[in-house]
Amino acid sequence: MSPLISPPQATVPQATVPSCHSAAAGPQAARGAPVVALVGAPNVGKSTLFNLLTKSGRDTGNWPGTTVEVGRGLWSLPDREVALLDLPGAYSLDPLSPDEEVTRTLLCPPDERDRPDLVAVVVDATALSRSLYLAAQVRECTGRVIGLVTMLDVARARGRRIDVEALGRATGMPFIEVDPRRARGQRSLAEAVTAALDGPPLLPRALCEPAAPQLVVLPDSAQDAPSEPTSGSEPMVDPAVSALELGDERFAWIDTAVASAVHRDRPVGRTGSDRADRILTAPVLGPLAFLATMWMVFQLTTTVAAPLQDLLDRLATGPVTSGALKLLSAVNLDGGLVEGFVVDGLVAGVGMLLTFLPLMAIMFLLLSALEDSGYMARAAVVTDRMMRAVGLPGRAFLPLIVGFGCNVPAVSGARVLPNARHRLLTALLVPFTSCSARLPVYVLLASTFFPGQAGTVVFAMYVISILFVLGAGLLLRSTLLRTMGSEPLILDLPPYHLPLPRAALRSTWTRLRGFLRTAGGVIVATVAVIWALQAIPAGTDDPVGQVPVENSAYAATARAVAPVFAPAGFGDWHTASALVTGFVAKEAVIASWSQTYAAEEPESMNEPGHLGEAVRADFEKASGNHTGPAVWAFMIFLLAYTPCVATLAAQKREIGWRWTGVGVGLQLGLAWTVAVLVFQVGRLFA
Amino acid sequence: MESTSRRLDQLPVGSRAELGSPALEPSRCRRLAELGLRPGAQVTVLSRTPGGGRVLAVEDARIALDRATLRRIPAEPVSR
């Protein structure tokens, strides 16, 4: 059988040439505000600095025509405002990934007028020579550049003194010390940026003619390398001959700079990070430590979040609902369609979503702490072999782990993989990673049906999620994606740090706000559509807006779907309705589920645990008293079927409708098959 | 690659070696060089990772490589 994969397509559509000054670059920045671009390798503290300078005012969005994310924000200097760009991490301007390509195109656009007004290269003091490679290349294409040195504290702890001024003299560009994690060095940074914007540009580094600065691109013979820049105006300088010489010239420039700026108090020795890595990346202990870490993360999210959730739940069902009712009666809108929409739709639905915010916050906080500590890179090393089992490099672990937070950015994050087929496979597997929106449903069901072991049940769901990723990967590799190249593991391990609460909180807030902003609209729209379906009668004489829920169009839809789930033990229309809503957004599952019961017995919603009771009764009835297996089957179906419409939209962007369709078929097919198997086999043993 | 020369995957943990030119596609060679793993650089093999990979120290940086990549990088042991 010939492989069905379509030929690799150009990864960056040719229609749009990205530009720092285009409308998309920073809609909120004042017109004419200077554009300052932050660039640097991954893990140098670039985004932490960005969040600090813009006070977390991150307005992330995809770059036009791509799915690579570029952060934008306003940075207020004492005398002016600056549009700050947070460009994707790049080791050099010779791109190996679409991210690096966007960075390259933005820094050295075909039209010189599109260039940022200033490029700030963020340089890691603990890996100076490597960081300077990017600085060397940026210096070759623009004279408006400054260097920011981070991680000086870590370098000092390792016996390295970096003379920042000497570094500036040796490289011919200003260098400033900053510590974004501790919010230090902001004033000198502001002064340096002002001076660089107002002063004359530096002469570009000797490689280029000063009159016509241009990017020198090394030839690339990699088969799957990203497409060439969108315009032919970027000159290639005598590629074959100059490639090696150019590389050597840059390394010589770097070596001179490093020699004059770095003083070693003691020879290179084993650091604390190295000792930690002997355990955390070791062949047997490493994977065990990884599992223990993941287990701890999910224990914390279940046990710490619970009391906070209860508090918010009481707030939403008590004061907020009665407040809304009072407000409605004050403006004479009580008792009708509007009251139904506000109380049963908005307050019951969005209020339920809000009660799960603590869960998201804790999850994001822990993920930030893991990233900031440097452990995430170790996790990629440890899981490299496991990922290879499904034909993906360890790097694919990072988008997949992001999937455990939210599938939407994870699908976009598949772009870090330079190989088109790896991107396709990753984008198809991400939906099987259990995103945080599915967690509340597990928690609700686990604490209703398996009290006392809720933490373990929820942890088991995450293990099952990993098994789904592995299984679906193997299935795809042995059927549709037979020819799968392999990507070598070449991964930089940043030194471990103690995560700093301030930086972690800032990043958590940024993610949480982004989540609320994107999920909020979908949730409100979903709740409104579902409420409308509930208000419309299906074949009865009930007046619109006063339909008993079981007579509504919504119930009719759910009843039509429900028999499909009978073999899995949950063929009840309430449950099916939750799954119908879940196709749109998993965040809305609990909201819509409770809505179907609220519509039947509105008074009882004030009773804590009412939803649990109602769900229990339905599961008992639908499964013929084999409740345990039916609940497991339901949780597994919920885990494995289509995550949400937003994920589908992201997939469509990455891999096109055809493969997105294949993905939906795979999710529904696998979810239903495994759910039926679990119920039927479980019923025999229960 | 000459059969007599040693490769990175053959070196024991704790040993130090000088790198040769990797037998990898140019884009990978370039990425290795950008990370400091260029011909002539001295590295220390720090530890083993699952699947036969290694963590290498090159100056102050730590780079994890998998077994397949290690096998394609010639390395001559040097005394410490």
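Data for the structure
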item: Computed label-point distance, nm, for sites A:Glu177 and A:Leu474 using a 7 Å Cα→Cβ extension; result: 5.5
item: Amide H partners (placed H, <5 Å) of B:Arg54, local residues excluded; result: B:Thr49, B:Leu65
item: Whether region B:8-78 is rounded, prolate or oblate, judged on the alpha carbon gyration tensor where a/c under 1.5 counts as rounded; result: rounded
item: FRET E, pair A:Arg653, A:Asp79, Förster distance 41 Å, beta-carbon r, rounded to 0.05; result: 0.50
item: Inter-label distance, nm, simple model (7 Å from Cα along the C-beta direction), A:Arg264/A:Asp111; result: 4.9
item: Sites A:Ala617 and A:Thr540, calculated FRET efficiency, Cβ-Cβ separation with R0 30 Å, nearest 0.05; result: 0.75
item: Point-to-point label distance, A:Val331-B:Arg16, nm (Cα→Cβ direction, 7 Å offset); result: 7.6
item: 5 angstrom amide H check on A:Leu202, placed H, neighbours 5+ away; result: A:Arg144, A:Val145
item: Other-chain or far-sequence residues with amide H under 5 Å of B:Ser15's (modelled H); result: B:Val45
item: Summed residue charge, Cβ within 10 Å of A:Leu93's Cβ, Lys/Arg positive, Asp/Glu negative; result: -3
item: Cβ-based net charge around A:Arg80, under 12 Å, with every Lys or Arg adding one and every Asp or Glu removing one; result: -4
item: Sites A:Gln186 and B:Ser5 - FRET efficiency at Förster radius 45 Å, r taken between beta-carbons, to 0.05; result: 0.30
item: 13 Å cut-off, amide nitrogen to a point 7 angstrom out along A:Arg502 Cα→Cβ, residues in region A:153-191; result: A:179-187
item: Local net charge near B:Arg67, Cβ-Cβ under 11 Å (Lys/Arg +1, Asp/Glu -1); result: +4
item: Stretch gain in nm, segment A:Asn625-A:Leu285, where the contour uses 0.36 nm per residue and the Cα spacing is subtracted; result: 118.1 nm
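Throughout, read-outs are computed from the coordinates displayed, never taken from laboratory work. Here the structure is a predicted model, which is why all the values come from computation and not from measurement. Virtual Cβ from ideal backbone geometry, glycine too; neighbours counted across all protein chains shown.
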